[in-house]
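Since the structure comes first, as C-alpha cells, the remarks are kept for the end.
Just so it is clear, none of the values below were taken in a lab; they were calculated from the coordinates. This is a predicted model, so every value here is computed, not measured. All Cβ positions, even for glycine, are placed from backbone atoms using ideal geometry, and neighbour counts span all protein chains on display.
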Ligand SMILES: C[S@@+](CC[C@H](N)C(=O)[O-])C[C@H]1O[C@@H](n2cnc3c(N)ncnc32)[C@H](O)[C@@H]1O
C-alpha cells in the first residue's frame, strides 16, 4: 500500500480487504480509521481528501491484517461498549456480549427495592456486569472477582475510566477468597460451553480465553458449583442469577430446586431462548 493515502482511498482499500471477513466492511474500515486518526466518522467523511501519515497507513494495514485473520474488532480497537459504558478489552478478557446486558436488565427489578444492596459478581471478566450495576445503583456495595489477574487489572482500569468507585475487584477462585459477607444478590456469567460443542464460532474459540468459555461436566461444572455454594453467601431471601447456554435452562432450574432455592424462573433472549435463570435462598 502507498506511503500516503487519502481517507477516501483508505476507506475503499479497507472495504475491499474486509469484504470476506466482516458483515459490514465499510463500517469496520471507518471504525479502524476513527481509532487510528482519533477523528469522528463525520470528520472522516466530510474531509475525504485528508491524508493519513505513513505511520497511520502502516498501523491501518496491520489492523486490516489482524481483522482479515479473524481477530474480533473489539480486540483490535481494545474497546467495547456495554450498557452505558465504554470498556477496555484485551486478549485474555472475554468481549462482553449483548446477551449479558439482559442479565443486567434482569437484576434491575431485584435491586430497585434495595438501593444499598450487597452484590457479588463471580467471574467479572472486563467488569461489565459489576460496573453496569454500580452505575445504576451508586449506593450498592459490590465485590467482583475473577480467577484471572489480567481480568482484574482490566476491570479495575474500566472502573477508573468510567469514574465508578463502588466496586471492589479481587482475585478469587469462585468463593475461595470471599469471607464473612452475606450478599443480597449474587450474579454470574460463568463459563458454560461444553468442550465437545461443535457449534462454537471458530473465531471465538481461536481468540477468546478458554477459561472464560469452557466448563467441565458438559458445560455445567462451574454453574453447578455456584448454585451449590451460593446459599452460604446469600442473605435471607437473597437472589442468585446466572447466564447460561440456550439449552441449559431446564437442568439449571432443576439443580436450583434440588439445592433448595425457591421462586425459580428463567428469562429469554431476543431469539426467545432461555438464557438467564434466577432463584432465591429459602430463608
Ligand atoms: C463467560 S466469562 C464472563 C466475563 C464477564 N462477566 C462477562 O459477562 O463478559 C467467565 C469469567 O469467569 C472467569 N473464571 C473462570 N473460572 C473461574 C474461577 N474458577 N473463579 C473465578 N472466575 C473464573 C473467567 O476468567 C471469565 O472472566
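Can you give me the angle between helix 7-18 and the longest principal axis of the chain, using Cα atoms only, in degrees from 0 to 90, rounded to the nearest 10?
60
For the chain, what relative contact order do you get, as a whole percent, if you take Cα pairs closer than 8 Å and at least 6 residues apart?
13
Could you tell me how far the Cα centroid of region 55-74 sits from the Cα centroid of region 90-113, in Å?
Cα centroid of region 90-113 versus Cα centroid of region 55-74: 29 Å apart.
May I ask you to compute the full-extension gain from residue 218 to residue 182, defined as 0.36 nm times their residue separation minus their alpha-carbon distance, rounded to one decimal in nm?
Between residue 218 and residue 182, full extension yields 9.9 nm more.
Could you work out how far helix 25-37 tilts from the main Cα principal axis of the chain, as a 0 to 90 degree angle to the nearest 10?
Here the helix axis deviates by roughly 80 degrees.
If all Cα-Cα distances of the chain are sorted into 5 Å bins from 0 onward, what percent lands in each bin, rounded to whole numbers?
Pair shares across the bins are 1, 6, 12, 15, 16, 14, 11, 8, 6, 5, 3, 2, 1, 0.
Run the simple label-point estimate for residue 34 and residue 211 please: 7 Å along Cα→C-beta, distance reported in nm.
Distance between label points: 3.2 nm.
Given the peptides 25-37, 47-59, arrange them by the average over their residues of other C-beta atoms within 10 Å, most packed first.
Taking the mean over residues of other Cβ atoms within 10 Å, the ranking is 25-37, 47-59.
Given 0.36 nm per residue, what is the gain on full extension from residue 228 to residue 273 after removing their alpha carbon distance, in nm?
13.8 nm
What is the spin-label model distance, in nm, from residue 265 to residue 165 if the labels are put 7 Å beyond Cα along the C-beta direction?
Distance between the two pseudo-spin positions: 3.7 nm.
Grab the Cα-Cα distance for residue 59 and residue 45, subtract it from 0.36 nm times how many residues apart they are, and report the gain in nm with one decimal.
Contour length minus Cα-Cα distance gives 3.1 nm.
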